[in-house]
Amino acid sequence: MKVLVLGSGGREHALVWKLAQSPAVSRLWCAPGNAGTAMEVTRSGAPVVNVAIPADDLDGLLAFARREQPDLTVVGPDNPLALGVVERFQAAGFTIWGPNQRAAQFESSKAFSQDFMERHGIPTAKSGTFADPVAAKRFCATLGGRCAVKADGLALGKGVLLAGNAAEAERAVDEIMVDKAFGSAGARVVVQEFLEGMEISLHALCDGKTAKLFPTAQDHKRALDGDQGLNTGGMGTYSPAPFLTDAELADVGRQILNPWLAGCAADGIDFRGLLYPGVMLTKSGPKVIEFNARFGDPETQVYLPRLENDLVELLLASAEGRLADVELKWSPNACVCVVLASGGYPGSYAKGKVIHGLDQANALPGVKVFHAGTATKDGQTVTSGGRGLGVTAWAPTLRAARDQAYAAANVICFEGIQYRRDIAAKGLR
Ligand code: AMP
Ligand code: GLY
């Protein structure tokens with residue numbers, strides 16, 4: 001079977017790595033991919049091929065698909081989903097995995113998600129949606145200024161500003177709605193009450209009728225140790241996150257997914273793909289702070305090494321509405337991913353720095369270095385993005401997985417390398 005993966009980050013390298021292990025896959029492309037995706041080989045020995053088409057160039061991707069006839073296309077990032085890549089491919093007769101444009105609104109519009117959650121009784125923050133900055137500020141004031149102000153649309157994971165008092169909240173509203181810091185994504189804002197608690201990532205594979213919950217994971221969004229510094233795309237993850245027993249996780253899953261599935265049925269939303277709720281475990285129960293409509297990055301890097309199923313079978317079952325018969329199987333190992341970033345990220349940073357030590361790191365037992373922002377130049381692997389690598393390790397305990405991930409991270413170097421030293425620390429406390 002021929003498979004095309006869209007995207008170029010660490011998530012996509014992990015997807016390619018896992019798909020390449022399937023005996024069903026004979027050819028594998030990644031558009032556009034990174035230096036790491038191009039180093040993978042399918043079980044039948046075919047090298048994975050990067051295709052130089054951006055993941056949001058729908059015309060270019062369709063032309064490629066018409067030429068090469070992939071049997072399955074797997075969408076990694078949110079942008080092509082929001083642009084409607086799924087219906088474009090389906091209309092041309094191709095099987096593609098991911099939610100259609102309407103279903104992808106769970107991520108592409110926070111106002112859509114918030115309205116859906118409130119109408120269908122999904123536990124979430126007290127909130128309001130506004131197109132007028134004066135009304136938004138008035139609502140912030142009713143929360144004492146302690147709130148999250150969120151641009152409605154896609155903003156590269158950056159459209160959320162947290163405020164601790166009225167002045168900060170007013171500034172946040174102005175930044176998004178008046179100064180248009182996130183462009184047209186900020187034409188409307190969702191203001192949520194500020195929630196306290198432990199934040200976890202949930203993932204559920206869905207087929208339009210059924211949702212299969214993954215184990216827990218926890219991301220580390222801030223750039224610096226101790227959750228200091230700016231918000232990033234994610235500086236590291238681990239799974240499982242030991243804040244819920246299996247029974248509690250099942251219960252949290254039911255509280256969120258049962259009304260979500262019923263709401264989708266009532267509203268005629270056919271969600272086939274990955275639902276990723278960001279959840280705050282508050283004193284008054286779990287609350288969804290946002291939905292994403294794709295695999296998390298770097299959550300994928302810790303989920304897929306633990307997944308024992310054939311990923312091709314799972315994604316086909318999701319796309320074809322057959323998930324009810326499928327059982328997800330997970331390794332009892334813990335898994336930790338430490339992101340190695342370029343100095344300055346998430347602000348400006350240099351590119352093209354030669355990366356040393358990749359082979360030594362990958363040779364350590366229970367280690368896989370997933371590439372994110374990397375490229376090949378003159379036969380060398382160089383940095384090409386803010387998040388360069390996701391050094392991932394698995395072991396029977398979280399402590400051992402954490403130690404092994406850092407042992408591997410320590411043998412990798414490039415000029416300006418920057419990473420957090422406290423990934424998984426909350427889970428070990
Ligand atoms: P989001 O992109 O919506 O996940 O928001 C980015 C980050 O802001 C989240 O990972 C949380 O750490 C934080 N955040 C978002 N909403 C809230 C909220 N209502 N209360 C507290 N923190 C929040
Ligand atoms: N882990 C953060 C994200 O994928 O949005």
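Where a number appears in this text, it was derived from the coordinates with a stated rule and is not lab data. Treat the numbers as computed from the prediction; the structure is a model and nothing was measured. Here the Cβ is made from the backbone with ideal geometry for all residues, glycine too, and neighbour counts use every protein chain on show.
Odds and ends about this structure:
- Residues GLU313 and SER44, FRET efficiency given R0 of 25 Å [Cβ-Cβ distance, rounded to 0.05]: 0.90
- Stretched out straight at 0.36 nm per residue, the stretch from ARG254 to LYS126 would grow longer than its current Cα-Cα span by 44.0 nm.
- The chain - percent relative contact order, Cα under 8 Å, separation 6 or more: 16 percent
- Aspartates and glutamates with Cα under 15 Å of LYS180, excluding same-chain neighbours fewer than 8 positions away: ASP132, ASP152, GLU170
- Cα principal axis extents for region 1-127, largest first, Å: 52, 27, 23
- Percent of alpha-carbon pairs separated by more than 33 Å within the chain: 31 percent
- Rounded D (µm²/s) - region 78-148, Kirkwood Rh over Cα pairs, Stokes-Einstein at 37 °C, 0.692 mPa s: 228 µm²/s
- Label separation (ASP267 vs ALA91): 2.3 nm, computed from points 7 Å beyond Cα along the C-beta direction.
- Prolate/oblate/rounded call for region 363-411, Cα gyration tensor, a/c under 1.5 rounded: prolate
- Region 213-264: mean projected area of Cα convex hull, nm²: 4.7 nm²
- Assuming charge only on the beta carbon of Lys and Arg (+1) and of Asp and Glu (-1), the dipole of the chain about its Cα centre is about 380 debye to the nearest 20.
- Residues of region 31-46 with an amide N closer than 17 Å to a point placed 7 Å from the Cα of ASN362 along the Cα-to-Cβ direction: 33-46.
- The Rg/Rh ratio of region 59-206, with Rg taken over Cα atoms and Rh as the Kirkwood radius over Cα pairs, comes to 1.07.
- Whether region 266-325 is rounded, prolate or oblate, judged on the alpha carbon gyration tensor where a/c under 1.5 counts as rounded: oblate
- Given LYS126/LYS287; LYS351/LYS377; LYS368/LYS426; LYS126/LYS212, the pairs whose alpha carbons are separated by over 19 Å: LYS368/LYS426; LYS126/LYS212
- Residues of region 280-318 with amide N under 19 Å of the 7 Å Cα→Cβ point at GLU196: 280-289
- Charge context of GLY347, other residues only, Cβ under 14 angstrom, K/R +1, D/E -1: +4
- Residues ASP115, ASP179, sorted so that the one with the fewest Cβ neighbours within 10 Å comes first: ASP179, ASP115
- Debye-sum result for region 106-187 in log10 I(q)/I(0), which assumes one identical scatterer on each alpha carbon, at q = 0.22 Å⁻¹: -1.04
- For the residues ALA103, ALA63, ALA405, a GNM of the chain with alpha-carbon springs under 10 Å puts the largest fluctuation on ALA63.
- Order of TYR406, TYR345 under a 10 Å beta carbon neighbour criterion, fewest first: TYR406, TYR345
- In Hz, Karplus ³J(HN,Hα) per residue of region 183-193 (6.51, -1.76, 1.60; θ = phi - 60°; x = Gly, Pro): x, 6, 4, x, 4, 10, 10, 9, 9, 10, 4
- ARG399 versus SER331: modelled label distance in nm, points set 7 Å from Cα along the beta carbon direction: 2.1 nm
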